[in-house]
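Nothing in this text is a laboratory measurement; each read-out follows from the coordinates by a stated rule. Note that this is a predicted model, so its numbers are computed, not measured. Neighbour counts run over all protein chains shown; Cβ positions are idealised from the backbone, glycine included.
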Amino acid sequence: MSGNRVCSLIFLPEELIADILKRLPAKSLLRFMSVCKFWYSLIKNPNFISSHFNHHSTEGPKYLMYYADYDEYRVYADTDNFDRHLEFTYPGIQLIVGCCHGIICFGSFNDNSIVLWNSSSRKSLTIKRPHCNLSNDENSLFWFGFDVASNDYKVVWVGYTTNQAFETSPIGVYIYSLNERAWRRVNSSFELYDGEGYAIGYRGEYLNGVIHWVALTCYDDREMPELILTFNLADETFGTFHLPSEIIYVQQPFDENMGFEEFLRAPGLEDHVDLMVVKRGSKNCLMALHEDLTSSTLWVLEEEGTVRSWRKVIYLRKGFVKKIVNVRMNGGIVMQLETGNVVSWNRRRRRVIHVSSEQMDYVGAYMESLILL
C-alpha cells in the first residue's frame, strides 16, 4: 500500500476504517499496526478483535493437524480439494492440549508450564502452573477456552486424587485469566463417582463457553467411557451428562464358551471415545467418536433448551480404516487408514482425496487470531 493511499484511508470515518480492516486476515492486520497510532490502538481494541473474530468465524472451517514425528503443524482449508493452507513449527512440544480461536495450548512435563501460542503473530505466553504440590497418587488436567460473558480467555487447571477404589475427587480448581494475567482459586467441585470410580481424559473440547472431557469408569482395572464432564467458563461450575446409552459399558460375566466373533462384539472390549467439535451448517456441534476392535461410530449431540440427546450419524466397520479424524461440512469423512495415510472420503460423491502420508497425532479446528499474548 503506497503512502498516499494510506493517508487517504486515514481521513475516512473511523467506523468505516474499522469495517474495512475487520475483513482483512489477521496476519495482515498485525503488520498494519505500524501504519499509525490510530490503527495500532484500533487493532488492539478488544471490541475490534471480537468484531474481527465474528466476521471471520462465518468462513469455511480450517483444520489444524500436528505431526509429532516432524514437529510440524499443517492447516487445511475445507475446500473441495482440501487444500493445504499453511505450515508452521513450534519446537520442543511435549503435549498439545487444543486450539481455541486460533490460540494453541501446549503443556510441558519438564517444568510443569502451560504455553499459549498465537501462530499468526508468532507470540507466546508461558504460564507457570498454580502452586499446588501434587503427590505421586495425584493428577492434574487443564484446558482453556473463551468466556463470552467477561470477554476473557481462561485456563482451567484441576488437581485431583484417585483413591484405591478409583474414586476421583478434586483437591484444587484454579482459573488463569488472560485479562488479569493471574491465577485464582475457585470454589468449584465435582463428584464423578457413584459406587464406581472415574478417570478423566486429559484432552478436552471447547464449545460455546463450555469445556468438555470424557470421564472413564474403572471396571476391573479397565477404563470404560461413560460420562462427559463439563466446566462452564462463565459461572465457573462443573457438570456432567451421559454419553449415548449404546456405548456405555454394561458389566457382564465372562463366558468361556463365547466364540471369537462374539468375544470381539462384547461391550467394553478396547472401547475408546474421543470428542470433537464439527461445524454443521451455521453452527458448531459436539460429536462423540466411539471406537472398539470392530467398528467406529460417530454421534452428534443435539440440544433443545436444557434437553440433550445423541443421534448416530456415521457407522463404519473396521478394516482398512484405523480412525475417523473429523467430519467436513460437505459430509466428507477425514480418516486415518491402517497404512498411515490420511484421506478425505465423501460417500455421496464417491470421492477420495489424499491428505498426507504421515502419522498424525492431533487434529482440531483452526482460525487466525488477533489475540495479543
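Descriptive notes on the structure:
- Modelled FRET efficiency - R0 45 Å, H242 with K128, Cβ distances, 0.05 increments: 0.80
- Amide hydrogen proximity for K318: with H placed 1.01 Å from N in the peptide plane, the residues at 5 or more positions away or on another chain lying under 5 Å are S295, S296.
- Inter-label distance, nm, simple model (7 Å from Cα along the C-beta direction), R311/R181: 4.7 nm
- Between E87 and R31, the C-beta separation translates, for a Förster distance of 22 Å, into a calculated FRET efficiency of about 0.70.
- Distances between placed amide hydrogens fall under 5 Å for H85 paired with V75, Y76, A77, all partners being 5 or more residues away or on another chain.
- Residues V214, V156, sorted so that the one with the fewest Cβ neighbours within 10 Å comes first: V156, V214
- For region 47-55, the Karplus equation 6.51 cos²θ - 1.76 cosθ + 1.60, evaluated at θ = phi - 60°, returns couplings of 5, 5, 4, 5, 5, 5, 4, 4, 5 Hz by residue, with Gly and Pro reported as x.
- Shown for F144, F11, F241: other C-beta atoms within 10 Å of each C-beta, ranked fewest to most, produce the order F11, F241, F144.
- Order of S50, S150, S296 under a 10 Å beta carbon neighbour criterion, fewest first: S150, S50, S296
- The phi-based Karplus calculation (6.51 cos²θ - 1.76 cosθ + 1.60; θ = phi - 60°) puts the 3J(HN,Hα) values of region 230-240 at 10, 9, 8, 6, 6, 9, 6, 10, 8, x, 9 Hz, whole numbers, x for Gly and Pro.
- The HN-Hα couplings worked out from phi for region 18-28 by the Karplus form 6.51 cos²θ - 1.76 cosθ + 1.60 (θ = phi - 60°) are 4, 5, 6, 5, 5, 7, 8, x, 4, 4, 5 Hz, whole numbers, x standing for Gly and Pro.
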